[in-house]
Amino acid sequence: MSISLETRALTVNFGGHVAVKQVSCAFRPGTLTAIVGPNGAGKTTYFNLISGQLPSTGGQVLLHGQNLTRQGAAARARSGLGRAFQLTNLFPRLSVLENVRLVLQARHRTGLRLLSTWYSERHLIEEADQILEQIALGARRDTPASTLPHGDQRKLEVGLLLAMRPEVFLFDEPTAGMSHDEAPLILDLIAQIRRQRDKTILLVEHKMDVVERLADRIVVLNQGQLVADGAPAEVMRMRVVREAYLGADAALGEAA
């Protein structure tokens with residue numbers, strides 16, 4: 001299967017600190033890759049480099065062979081990269097429905113004639129309502145986004161990502177801050193996207209039960225470098241991974 005997303009020697013320096021160091025990795029449609037590693041490993045920074053929130057010091061980001069390295073975040077989103085953040089990234093004063101509406105209008109390139117466009121495009125309304133039902137927020141369509149509980153804000157952000165219909169989904173700790181009861185809906189939505197088999201999904205996640213449930217592949221970063229890459233069962237047996245998560249002494253004790 002062809003490569004959809006690729007990073008080649010992707011690097012970023014902050015002063016004298018190399019936060020991501022020459023990470024080369026290729027991702028294919030129909031796969032979910034979990035990006036894991038200890039705190040400070042460079043996982044979110046790697047996402048920021050891919051999505052264009054952060055300019056790289058060196059290396060390249062390619063989507064279907066097209067070099068996006070010099071493009072900003074908005075241009076990359078238009079090309080098919082969709083990013084959900086660790087912290088919610090919504091239009092807080094707008095309603096749940098209006099948040100989805102703006103994304104749909106941008107995707108359909110209908111411009112920003114907010115009321116006239118919205119009420120004249122019934123298919124956009126129907127699509128927005130379908131997305132809200134999918135993320136279990138249909139009953140809260142007129143609620144201001146800022147007043148939603150944190151878990152519902154995370155669901156709405158996934159809804160915005162679905163409205164973009166990207167080719168590549170980037171989820172940065174999608175269940176962070178969610179209750180035990182709320183998290184399964186988000187995980188089920190990600191699983192639905194994965195089952196389409198034509199989308200590429202990258203997932204930063206600390207919860208290894210989530211990784212084991214969803215991932216086809218695990219990429220491990222430590223101190224900004226790629227230290228392991230492979231099938232979940234294979235990667236989790238690697239000593240370098242146990243040391244990255246548990247520390248050398250714990251890993252030695254476990255091996256004993």
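The values are calculated or read from the model by the stated rules, or taken from the named source; none is laboratory data. Predicted, not measured: the structure shown is a model, and the values here were computed from it. Virtual Cβ from ideal backbone geometry, glycine too; neighbours counted across all protein chains shown.
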Just to check your reading of the model, which residue among 167, 173 is of a type in the set (Asp, Glu) and modelled with pLDDT of 90 or more? 167
Across the range 1-15, which residue is farthest from residue 59 (Cα to Cα) among those that are among the small types (Gly, Ala, Ser) and out of contact with any Asp or Glu (no Cβ under 8 Å at 6 or more places or on another chain)? 2
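Restricted to the range 212-221, and to residues that are surrounded by fewer than 20 Cβ atoms within 10 Å (Cβ to Cβ) and touching a Pro at 6+ places or on another chain (Cβ under 9 Å), which residue is nearest to residue 234 (Cα to Cα)?
217
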Restrict the check to the range 29-39 and report whether at least one residue is hydroxyl-bearing (Ser, Thr, Tyr) and farther than 25 Å from residue 187 by Cβ. no
Checked 159, 224, 151 against criteria (of a type in the set (Gly, Ala, Ser) and at pLDDT below 90); the one match is 151
Are there any pairs with C-beta distances below 6 angstrom linking a residue in the range 129-140 that is part of a helix (DSSP H, G or I) to a residue that is aliphatic (A, V, I, L, M) and surrounded by 14 or more Cβ atoms within 10 Å (Cβ to Cβ), with the two at least 6 apart or on different chains, and if so which? 131/100; 131/162; 131/163; 138/132; 140/96
Among the residues in the range 94-107, are any modelled with pLDDT of 90 or more, within 25 Å of the chain's Cα centre (by Cα) and in a loop (DSSP other than H, G, I, E, B)? yes
So which strands (runs of 3 or more DSSP E) stay within the range 156-243 end to end and still have 1 or more residues that are free of Cβ contacts under 8 Å to residues at least 60 places away in the same chain? 225-230
